[in-house]
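Presented below is the structure to which this report refers.
The values are calculated or read from the model by the stated rules, or taken from the named source; none is laboratory data. Keep in mind that what you see is a predicted model, and the values were worked out from it rather than measured. Don't worry about glycine lacking a Cβ; one is built from the backbone with ideal geometry, like all the others, and counts go over all protein chains shown. These accessible areas exclude ligands, DNA and RNA; they are computed on the full protein's heavy atoms, side chains included. Shrake-Rupley method; radii C 1.70, N 1.55, O 1.52, S 1.80 Å.
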Amino acid sequence: MQIAISSILVLAGLTAAQPAMLLAADTPTTASAQEAAVRNDFSFVRYRADYQVRANASNVKTESYEVLLKTKAAVEKFSQIRLSYSEKMETLEVISAYTLTADGQRHDVAPDRIYTQESYSSASAPLYADRKVRVIVFSNLAPGSRVVYELRRTQNTPYFPDYFGLWETFSVFDQFDDAEVNLHAPADLPMHVFTRGVEGGNTPQVRDGQAHWHWRYQRSDPLKAQNWSANSWTFSPTIMASTYREWPQLAKAYQLKAGEAAKVTPAIQTLADQITNGISDRREQTAALYRWVAQNIRYVAVYLGNGGLEPNPAQSILDNHYGDCKDHVVLLEALLAAKGIDSSPVLIGMDEGPVLPTVPLLGRFNHAITYVPEFKLYLDSTNPWARFGQLPGADLGAPVLLTREAKLARTPDNDELRNNTSLSVDFEFDKSGNMRGQTERNLGEVDEIDLRGYFSHINQQNQTRVEETIMASSGIDGRGKIVMQGDPLNLKKQFGYSYRFKAEDYVDFSVVGGMTVPTPPGGKSFRTLYSTTSAPTNETPFYCTAQHYDETYRLQLPAGVPIIAIPKNQKFSNAAGQYQVEWQLKGQQVVVNHRLQMNAIRGKDALCQPQDYPAFRALFQQVRRGFRGQVVYGELSNAALNKAGG
């Protein structure tokens, strides 16, 4: 489970660019998006996929869909079907497409309503216009109608020599009345198969030199949306097939082309020498080269060459000053090599969790980063906000393929050392009930990377609006100011910030009252975690990572205002983690510290299971109770007189 507490600057409408998922090959085929299906907006009346694999591992896939649209949301979703493909590696034909209305009328899609577009990524970098999108526009749609279409994808060249991969996942959040998958391949072509939750086995029938697999699946009652869920393929019915037996085969196949691209040219040698001029330490040289690529090579989500799997030559990337993740890796590899520092491309499933499929499938990896064995460091230069040695959260705790060494490895854990949040907040009140204070955030690595991106978007034109939005998100009627601690664009130094705030008439000290610790303006508090466990049960596995939160609040009440009582300390622990809150009274100052440690119950390499969910729910319930504690203040004699006078 990866808990996400909304960043203050996301609330302010600022975003930071993140690398896209580019290594798209045999990614899991799911016939719909989970977020739409959980509302049961539509159902698959029929789905069929037929794969015919050739001796060289190229293939033809014919797929047909009949989808019942139940709501207006489904009508909107299916009014256009957009189909991406690689122009250099495959052809995509629309065999038929039509709408079937509720009363049985058929409306064929007109030929001019089936057209081809540049993908957004290719249009943004026309030099590398390889990726296309075929668009089908359906008419006469209404709740109760059906969209029916059939496609043929012909892959003329395998992604890698002798490689074929099939990955079909039937999300448990979708309704399938009738689903069927067929695989046909030469009997002498190695095929390693894994299935779960479908009819049909892993052993083929062989006839006339051809191996045939046949699978079927039905689900009439889709699972409701769950609070927490890992990727659907980890628990949904699935079919996987690969001509590769072991993961290192993928690494070797990728390296064949990637290694050629990382050639050190005279221009690259000159640049490497310029960047490292005056730096003799090899680690510092590596850091300088990494920072240069991260901040000077524009990240563009383009699908290049071999269907998005073959990087461009390092020199061409340098000439254009932009590229995708693979290109970043190639250029950094060449610059490092120019200084005699070895590195390896790394294939990684960005934000895909800690589990690998049973059979090797390229679609498990969607991103490329760099590994420097001399320093045992992973680097992701596509993220311009990560300091040397840091990785964004989506890259942490992930199984990876080191392609140069042709072996599996794992990035550093997404644990409490990197994924921690610490708050220090001061509230000072005067006798009139006005409040002023400051929020200080001690940023862990993951937060620092994210917030560098967010703060880099703040300028003189939008800063006031951002500050107002931050204050409003805390629920406090007041005003505040951001104080940056460092430059978000300077990757040589740590970055942080504080937020100073004021609010008038926040509390009335003339009466006896109780005050909970205010929500910290400019900070993200774990006090709201219980809302993520609103459902009493969770029926799917979910990601489990160790996380640590530490929040200290100091409330300074004015002299002359009696502090009648503060809550007792409390402590709670179970398998999910430990929570404790400690209260202290120091004269007119109340100090409270909340600490939460969350555990990866089943270890860093495993998913948490549905039976683990209640422990997290119980832990977060204690957090909710702990933050309900109130400081009781005021003159009791006044309260008694008021009572007697009534």
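Counting only Cα atoms, I'd like the Rg/Rh figure for the chain, Kirkwood definition for Rh. Before the final figure, lay out the partial values.
Numbers: Rg = 28.6 Å, Rh = 27.9 Å.
Checking Rg against Rh, the ratio lands at 1.03.
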Step through the residues of the stretch 276-288 one at a time and calculate ³J(HN,Hα) from phi using the Karplus curve (6.51 cos²θ - 1.76 cosθ + 1.60, θ = phi - 60°), rounding each to whole Hz and writing x for Gly and Pro. 9, 4, x, 10, 9, 6, 5, 5, 5, 4, 4, 4, 5
To check my understanding: the extent here is largest minus smallest coordinate of the Cα atoms along each principal axis. What are those three numbers for the stretch 308-374, in Å, largest first? 38, 28, 18
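Could you calculate the contour length gain from residue 462 to residue 83, that is, 0.36 nm times the residue separation minus the distance between their Cα atoms, to one decimal place in nm?
Gain on extension, residue 462 to residue 83, equals 132.7 nm.
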Distance-filtered residues of the stretch 355-385 - backbone nitrogen under 17 Å, label point 7 angstrom along residue 192 Cα→Cβ: 355-365
Percent antiparallel among DSSP beta bridges confined to the chain, rounded to 5, stands at 90 percent
First compute the accessible area of the stretch 552-646 with a 1.4 Å probe, then give the percent of it belonging to carbon and sulfur atoms. 49 percent
Counting just the Cα atoms, what span does the stretch 242-329 cover along each of its three principal axes? Round to the nearest Å and put the largest first. 50, 26, 21
Need the list of aspartates and glutamates near residue 492 for cross-linking: C-alpha distance under 18 angstrom, and skip anything on the same chain fewer than eight residues off. 281, 284, 380, 445, 447, 448, 450
Just to compare against my own numbers: the Cα pair-distance distribution for the stretch 406-494, 10 Å bins, whole % per bin, please. 12, 35, 31, 14, 5, 2, 0
Just the number please: accessible area per residue for the stretch 294-441, 1.4 Å probe, all protein chains included, in Å². 29 Å²
Could you name the lysines whose alpha carbon sits less than 28 Å from that of residue 70, not counting residues in the same chain fewer than 8 places away? 224
Principal-axis tilt of helix 445-455 within the chain, Cα atoms, nearest 10 degrees: 90 degrees
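Per-residue counts of other Cβ atoms within 10 Å, averaged by peptide: what ranking do you get for 479-485, 411-417, highest first? It would help to have the intermediate numbers written out before the result.
Values: 479-485: 16.0, 411-417: 18.0.
Taking the mean over residues of other Cβ atoms within 10 Å, the ranking is 411-417, 479-485.
At 25 °C and a viscosity of 0.890 mPa s, what translational diffusion coefficient does Stokes-Einstein give for the stretch 529-592, taking Rh as the Kirkwood radius over Cα pairs? Give it in µm²/s as a whole number. Kindly include the intermediate steps, with their values, before the conclusion.
Details: Rh = 15.3 Å.
Answer, rounded: 161 µm²/s.
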Under 17 Å from a point 7 Å along the Cα-to-Cβ line of residue 245: which residues of the stretch 146-166 have their amide N that close? 162-164
Could you tell me the accessible area of residue 550 in Å² (1.4 Å probe, neighbours in place), rounded to the nearest ten? 40 Å²
Starting with the highest mean, order 468-474, 108-114, 209-215 by the number of other Cβ atoms within 10 Å, averaged over the residues of each peptide. 468-474, 209-215, 108-114
Near residue 586, which lysines are there with a Cα under 17 Å away, not counting those fewer than 8 places off in the same chain? 568
Helix 636-645 axis, angle to the chain major axis (alpha carbon atoms, nearest 10°): 80 degrees
Extension gain (nm, one decimal) between residue 582 and residue 508, 0.36 nm per residue minus Cα-Cα: 24.1 nm
In the stretch 302-403 the accessible area split gives carbon plus sulfur, as whole percent at 1.4 Å, a share of 47 percent
Given all pairs of distinct Cα atoms, the stretch 38-94 yields a Kirkwood Rh in Å of 13.8 Å
Computed over the chain: longest principal axis from alpha-carbon atoms vs helix 266-275 long axis, angle to nearest 10 degrees, is 10 degrees
No partner Cβ under 4.7 angstrom, meaning no disulfide-compatible partner by this rule: which Cys of the chain qualify? 325
Sorted by mean Cβ packing within 10 Å, highest first, what order do the peptides 439-451, 490-502 take? 439-451, 490-502
Tell me the per residue accessible area of the stretch 189-248 using a 1.4 Å probe; a whole number in Å² is fine. 51 Å²
